[in-house]
Amino acid sequence: MEANGSAPQRARDGKHVVTLREVADAAGVSTSTVSRVLDDRVPPSRSATAERVRAVADQLGYRRNTFASSLRRGQTATIGVLVPRLSDTVMALMYEAISRAATRLGYFTVVATTGDNPADESDAARTLLARNVDGLIVASSRRDDPLPRELRERGVPHALVLRTDGISPSSVGDDEAGGYLATRHLIDLGHTDIAVLSGPLFASTAVGRLAGARKALREAGIAEVPEWIVETTFGIEDGEEAGYRLFRSASRPTAVFAANDNLALGVVAAAHRCSLTVGDDVALVGYNDIPLSQRLPVPLTSVRTPFDQIAATALDLMLATTTPVGDPIRRAMPTLIPRRSSGSHRATIAAGPPPTAASVTRSEGRS
């Protein structure tokens with residue numbers, strides 16, 4: 001039957017589903033060998049037998065029935081992912097990295113957005129679990145979030161990503177190290193008047209980045225100015241509002257560390273409103289190094305987050321059959337990417353006094 005090509009044609013016409021047994025008979029191997037060779041959850045074998053099996057399967061038009069194999073394993077090969085929102089570039093990049101890592105392992109991902117709302121997060125988790133996902137990757141966790149505790153108590157395979165509650169298995173960037181790198185960079189350029197836009201302190205990312213910035217300031221013997229340590233959301237609008245207040249103050253900072261790139265984009269807008277040039281009149285460092293950062297008119301210095309590494313580790317933690325020994329939190333080291341926006345000490349300190357109220361008003365009229 002296989003020799004005359006009729007079986008492949010019937011399979012493509014949808015009138016016949018080619019079975020493992022037919023592939024095994026045509027290839028002259030056992031069905032277990034065919035199953036093992038065609039299992040896309042494991043690295044492909046390059047043996048002559050494996051190559052022959054794949055060639056025969058392709059010739060016959062064999063398609064692996066993932067639903068049936070999932071039922072046999074008691075799994076669906078599907079992973080649920082919770083993110084606050086996909087309009088946030090960082091969360092979109094994180095989800096894409098998780099999806100790529102899952103695909104390499106033979107899993108499919110389903111995403112749900114929660115809007116940083118614990119109640120919506122719990123509802124989304126219940127909905128995904130009711131659809132028999134094999135586990136959850138949670139990027140929306142708050143430090144006081146009840147969901148990770150519920151998942152631990154129910155024995156649901158899960159891992160937190162980017163953010164952590166400090167208890168559940170978590171794959172995150174080393175946010176304290178990243179905040180330190182950003183602020184140390186500004187200090188090394190000669191700045192002592194440094195503001196920090198932290199992000200929301202319910203998120204471990206904001207807490208860690210602020211702690212790193214404060215560590216760098218302490219090491220350099222630079223006293224904090226309370227008005228220059230600003231808690232914000234992670235949105236562009238908050239960055240612009242906070243930057244505008246800072247730049248209108250009687251004694252403005254010469255440098256700003258924004259705890260994510262969206263905040264930094266808001267600071268750029270605020271600087272423009274105040275007739276200040278980023279990189280010349282004020283130094284600026286962001287965080288995450290989103291693709292837009294290097295394409296701005298003044299490219300943004302940013303701390304790069306290794307999304308693919310964090311995603312792969314999160315999948316490993318979620319799929320692990322045993323609880324991680326020791327610290328359940330795995331931290332990936334970020335990298336500082338210097339660009340034009342951080343300027344130099346000479347450029348920003350020489351920029352002169354802060355803009356007057358009149359000059360700000362004139363600038364607003366032009367924007």
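The set of residues from the range 124-157 being touching a Phe, Trp or Tyr at 6+ places or on another chain (Cβ under 9 Å), surrounded by fewer than 17 Cβ atoms within 10 Å (Cβ to Cβ) and among the acidic types (D, E) comprises just one member, D144.
Is it the case, given these coordinates, that I167 is among the hydrophobic types (A, V, I, L, M, F, W, C) and either on the phi > 0 side of the Ramachandran plot or open to solvent by 10 Å² or more (accessible area, probe 1.4 Å) (or both)? Walk me through how you get there before you give the answer.
Numbers: among the hydrophobic types (A, V, I, L, M, F, W, C): yes; either on the phi > 0 side of the Ramachandran plot or open to solvent by 10 Å² or more (accessible area, probe 1.4 Å) (or both): yes.
When the stated conditions are applied, I167 passes them.
Looking across H191, H185, one residue alone is open to solvent by less than 20 Å² (accessible area, probe 1.4 Å) and over 18 Å from the mean Cα position of the chain (by Cα). It is H191.
Selection of helices (runs of 4 or more DSSP H) fully inside the range 201-282 by the criterion of at least 3 residues being among the hydrophobic types (A, V, I, L, M, F, W, C) and in the same structural domain as D144 (by the TED database) returns nothing.
Give me the pairs: first residue in the range 297-318 and more than 17 Å from P169 (Cα to Cα) and open to solvent by 40 Å² or more (accessible area, probe 1.4 Å), second residue among the acidic types (D, E) and part of a loop (DSSP other than H, G, I, E, B), beta-carbon distance under 9 Å, and six or more apart or on different chains, which are they? Listed pairs, sorted by first residue: V298/D280; R304/D289. Picking from residues in the range 106-121 that are over 18 Å from the mean Cα position of the chain (by Cα), modelled with pLDDT under 90 and in a loop (DSSP other than H, G, I, E, B), the one that is nearest to L147 (Cα to Cα) is N117. Once the range 228-237 is narrowed to residues that are modelled with pLDDT of 95 or more and of a type outside the set (V, I, T), the residue that is most open to solvent (accessible area, probe 1.4 Å) is E237.
Kindly indicate the residue of the range 238-276 that is among the β-branched types (V, I, T) and closer than 14 Å to S302 by Cβ and also most open to solvent (accessible area, probe 1.4 Å) among those meeting that condition.
Narrowing the range 238-276 to residues among the β-branched types (V, I, T): 254, 256, 267-268.
Applying the additional criterion that residues be closer than 14 Å to S302 by Cβ yields 256, 267-268.
Numbers: V256: 1, V267: 2, V268: 56 Å².
Filtering the range 238-276 for residues that are among the β-branched types (V, I, T) and closer than 14 Å to S302 by Cβ, the one most open to solvent (accessible area, probe 1.4 Å) comes out as V268.
Only one residue in D116, D165 is over 23 Å from P306 (Cβ atoms) and in contact with a Pro (Cβ under 6 Å, 6 or more places away or on another chain), so which one is that? Answer to the check: D116.
Can you give me the number of residues within the range 278-289 that are open to solvent by 10 Å² or more (accessible area, probe 1.4 Å) and under 30 Å from the mean Cα position of the chain (by Cα)? It would help to see each step written out before you state the result.
In the first step, residues of the range 278-289 are kept if they are open to solvent by 10 Å² or more (accessible area, probe 1.4 Å); the result is 278, 280-281, 289.
Next, only the ones that are under 30 Å from the mean Cα position of the chain (by Cα) stay: 278, 289.
Summing the residues that are open to solvent by 10 Å² or more (accessible area, probe 1.4 Å) and under 30 Å from the mean Cα position of the chain (by Cα) in the range 278-289 gives 2.
The residue list T205, T277, T192 contains one member that is among the hydroxyl-bearing types (S, T, Y) and closer than 28 Å to L93 by Cα, which is T205.
The values are calculated or read from the model by the stated rules, or taken from the named source; none is laboratory data. As the structure is a prediction and not an experimental result, all values here were calculated from the model. Positions of Cβ are backbone-derived with ideal geometry, glycine not excepted, and every protein chain shown enters the neighbour counts. Each accessible area value is taken on the protein alone, full model and side chains, heavy atoms only, with ligands, DNA and RNA left out. Shrake-Rupley method; radii C 1.70, N 1.55, O 1.52, S 1.80 Å.
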